[in-house]
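Here it is: the structure, laid out below.
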Amino acid sequence: MGNKRRRRGRSARRTNRTAMKLITIIVCILFAVLLIQEINLRQRIRYNDETREQLTEQIRDEEKRKESILAQKEYMETDDYIREIARDYLGLVDEDDIILKERNEP
């Protein structure tokens with residue numbers, strides 16, 4: 001009987017060792033998967049940070065452009081702008097202006 005107990009003990013130990021090896025392998029595989037996912041997440045975070053910086057820069061540029069357009073709009077609503085356009089395109093002359101004409105000599 002003592003011999004049977006020893007055999008059972010040895011086979012149980014072997015089974016326990018095999019189970020422990022399998023558990024260790026599974027834990028290592030899970031660790032590797034988690035490590036790979038962490039690397040992928042870090043890459044995504046880096047990409048998103050770069051994209052955020054680019055978009056922030058674009059927003060700043062567009063806000064500057066908006067301010068420039070608003071300033072131009074305000075200028076276009078002034079009398080000075082209207083006079084300037086009238087002079088350039090319609091040949092408007094103010095009362096104070098001196099008109100010079102070219103002579104056509106034969």
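Quick test of your reading of the structure: Ile85 fulfils all but one of (1) exposed (fewer than 10 other Cβ atoms within 10 Å of the Cβ); (2) at pLDDT below 90; (3) in a helix (DSSP H, G or I). Name the failing condition by number.
(1)
Something else now. Write out, first by first residue and then by second, each pair whose Cβ atoms fall under 7 Å of each other, whose residues are 6+ apart or on separate chains, and whose first residue, in the stretch 78-99, is of a type in the set (A, V, I, L, M) while the second is surrounded by fewer than 10 Cβ atoms within 10 Å (Cβ to Cβ).
Filtered contacts from the stretch 78-99: Val93/Ile99.
While we're here: Taking the stretch 88-104, which residues are surrounded by 10 or more Cβ atoms within 10 Å (Cβ to Cβ) and more than 23 Å from Gln72 (Cα to Cα)? Quick ask: steps written out before the conclusion?
Restricting attention to the stretch 88-104, the residues satisfying the condition of being surrounded by 10 or more Cβ atoms within 10 Å (Cβ to Cβ) are 92-93.
If the condition is that a residue be surrounded by 10 or more Cβ atoms within 10 Å (Cβ to Cβ) and more than 23 Å from Gln72 (Cα to Cα), then Val93 is the only one that fits.
Additional query: Yes or no: Glu53 in a loop (DSSP other than H, G, I, E, B) and out of contact with any His (no Cβ under 9 Å at 6 or more places or on another chain)? Outline the logic, then answer.
Numbers: in a loop (DSSP other than H, G, I, E, B): no; out of contact with any His (no Cβ under 9 Å at 6 or more places or on another chain): yes.
In short, no.
The values are calculated or read from the model by the stated rules, or taken from the named source; none is laboratory data. No experiment lies behind these values; they were computed from the predicted model shown. When we count neighbours, we look across all protein chains shown, and the Cβ atoms used for this are built from the backbone with ideal geometry, even at glycine.
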